[in-house]
């Protein structure tokens, strides 16, 4: 319980720091801390597989890519007074509030106690059954979507040169 | 077994393994200098102790007493924590590597692994994937162009090779039917059951990627001294430098131990006790690391990317497919 509280607080606090941090590299670092804390939460639910994949995919691959791009552009401090950014800002509030409402609505449905998870939660066979059984179509569609995005990015990069 | 004994046991195991890896790192530098010397018709360190055996201790002492320089352009906090981030993951991965068969002591059966996770392989992949942050952040925070280039190179290289690094292990997991390293070792009880013979392609891809992931020659683009001075290490001195250095060697030892465990039967072997077999196998792969360094010229950056994305990655995918088909048919 103590561990849960500590990990949850770290995850939430660093998530807030992601959007308030001045330097983009700082944001990435806070996001890594947040993800590590989240994986601690999964370990507590004995979902070791999910926890390891969270660190492996997000911590080890995607965020390295973020860091790579930020370092390539060599931006030290984000220019928050930027015009395009201030135009998007109200939209951010709208989406944020919608997300918050959605989360409140979902959590109304669950009881206030800590949720019980099945014995096999987050195990390899369990995740495999979900991905390749129940959710096979959304899963495959997502991969096609990602593939399209990759091809699109390559096409755009080629046009430039 | 009571809770207290359990905790004490874990702490003892952690300390023993940690000390062993640290000592291994120190003597890996000795082995490297000695062997590299011989490969280049030199004698290597000879003056400090017999066969130069005290050289690592002398080097360590020297580094401690060096002045610690922090560049004025640097991001101080990140500059200070970057070596720590580079240092830890190499040691973390050792938590799941089986070191020997369970031993009987005072009536308890003690498994010789710090933690027998049922997702051992994923744990290793997850921890080694975090090591890149130390290098990338160290390069970025130094506030020097050479360091920044080294950091950017290291992050690009790590992402590229990590994909094949993980994919190379997938066929082994498919054949073994488990992600637990203890069970994978148990399945390789005789030499003919070694996974290197069941899937040599996976071993080749994994080993090449392991050399690339640890930034060793011929893949040491992040610190290519002939073009980048010392890459991400340029602005580091004293203990911070040596932490990067020890981190690199810890990563090498970990990679060697993983290869020995997954492909070469881990601690299994006749006559000698288990841990000794693992150490011997690790030493063999450390020698390979050094041999590579003496033999191959450094790759150019585009060659490095070509090899990673156009050769190793498709080959690893193909290997997964072929293994799947064979497993399905037989």
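Overview of values
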read-out	value
Number of partner chain Cβ atoms within 10 Å, mean per residue of A:4-17	0
Once the Cα gyration tensor of the protein assembly as shown is diagonalised, semi-axes √(5λ) in Å	36, 31, 25
Shielding by other protein chains, B:226-234, mean Cβ within 10 Å	0
GNM top mover of B:162, B:213, B:104 - chain B, alpha-carbon springs below 10 Å	B:104
Separation in nanometres of the label points that stand 7 Å from Cα toward Cβ, at residue A:132 and residue B:306	3.6 nm
In range of the label at residue B:5: residues from segment B:98-131 whose backbone nitrogen is under 16 Å from the point 7 Å along Cα→Cβ	B:103-112
Binned Cα-Cα distances of segment B:69-329, short to long, each 10 Å bin given as a whole percent	7, 29, 33, 21, 8, 2, 0
Convex hull per residue volume in Å³, alpha carbons only, for segment B:1-142	194 Å³
Selected from B:143, B:49, B:265 as most flexible by GNM, with chain B as the system and alpha-carbon contacts under 10 Å	B:49
Taking N as its residue count, the alpha carbon Rg of segment B:151-302 over 2.2 N^0.38 Å	1.13
Highest-fluctuation residue, B:170, B:84, B:69 considered, GNM on chain B with Cα pairs under 10 Å	B:69
At R0 = 45 Å, FRET efficiency that the Cβ-Cβ distance of residue B:84 and residue A:159 yields, to 0.05	0.55
Average beta-carbon neighbours from other chains, 10 Å sphere, peptide B:126-135	5
Gyration tensor verdict on segment A:1-79 (Cα atoms; rounded if a/c is under 1.5, prolate if a/b is larger than b/c, oblate otherwise)	oblate
Part-to-part distance (alpha-carbon centres) for segment B:264-307 and segment B:16-50, which is given in Å	15 Å
Paramagnetic reach from residue A:57 in segment A:131-159 [backbone N under 11 Å; point 7 Å along Cα→Cβ]	A:131, A:139, A:143
Extension gain, residue B:15 back to residue B:54 (0.36 nm per residue minus Cα-Cα distance, nm)	11.8 nm
Per-residue Cβ neighbour rank within 10 angstrom, fewest leading, B:245, B:77, B:292	B:77, B:292, B:245
Whole-angstrom Cα spans of segment B:252-298 along principal axes, big to small	39, 17, 13
Sorted by Cβ neighbour density within 10 Å, fewest at the top, the residues A:68, B:192, B:197	B:192, B:197, A:68
Residue order, fewest to most surrounding Cβ atoms within 10 angstrom, among B:277, B:194, B:140, B:309	B:309, B:194, B:277, B:140
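Quick note: the coordinates plus some simple rules give every number you see, no bench work behind them. It should be emphasised that the depicted structure is a prediction, and the values quoted were computed from it without experimental measurement. Using ideal geometry, Cβ is built from the backbone for each residue, glycine included, and neighbour counts are taken over all protein chains shown.
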